[in-house]
Amino acid sequence: MDFQTAVRTCLQKYVTFSGRATRPEYWWFVLFIVLGQILLNIIDSMLFNTGGVSHGPGFWAYRGNSGPLSGLFGLAVLLPAIAAGVRRLHDTGRSGWWLLITFIPLIGGLVLLYFFVQPSDPGRNDFGPHPRRGNPAKPAQDPWATSSIPKVPHED
């Protein structure tokens, strides 16, 4: 799955908490959210003067406050991000309720990170078939089987 397909899939399944999401789908969507926040923070900083650079002896730091554009973007992708996280947990055979472990400081995020990087369950699990392997394409049909050309037996 490529970047565009993953983002499109996650946004189309805006609040779909059932089913499964593969690792590439989830992580491409996370990258989209991170890049979107960075870009919109820069734009907010330029348009609304919401950030600035601080410096002192031996250090430089960027001080940024969320502006209106990055805030709206964060609200817009909040539900799809939660839904993608739940579907990713389903893909590893876990309940979506594991997302609540994030309320445990530090440990909760590390446990979720471990769950998110795990490989998918190879076949069907309690949450449905594998997203890519669950609906296999029809086998390629032999063009000669439906042809009106008579078959000539050949010897090997």
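Derivation of every value follows stated rules applied to the coordinates shown; laboratory data play no part. Because the structure is a prediction, the values reported are computed rather than measured. Virtual Cβ from ideal backbone geometry, glycine too; neighbours counted across all protein chains shown.
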Relative contact order of region 26-84, pairs being alpha-carbon contacts under 8 Å that are 6 or more residues apart, as %: 36 percent
So what's Rg/Rh here for region 18-101, counting alpha carbon atoms and using the Kirkwood radius for Rh? 1.14
Any idea how far the Cα center of region 55-106 sits from the one of region 6-32, in Å? 14 Å
Taking 0.36 nm per residue of separation between Val15 and Trp97 and subtracting their Cα-Cα distance, the length gained on full extension comes to 28.0 nm
Rounded to 0.05, the calculated FRET efficiency for the beta carbons of Arg23 and Ala61 at R₀ = 22 Å is 0.05
Run the numbers for Leu79 and Leu106: contour at 0.36 nm per residue of separation, minus the present Cα-Cα distance, in nm. 7.5 nm
Working out 0.36 nm times the residue gap between Met46 and Asn125, then minus their Cα-Cα distance, what length gain in nm do you get to one decimal? 23.6 nm
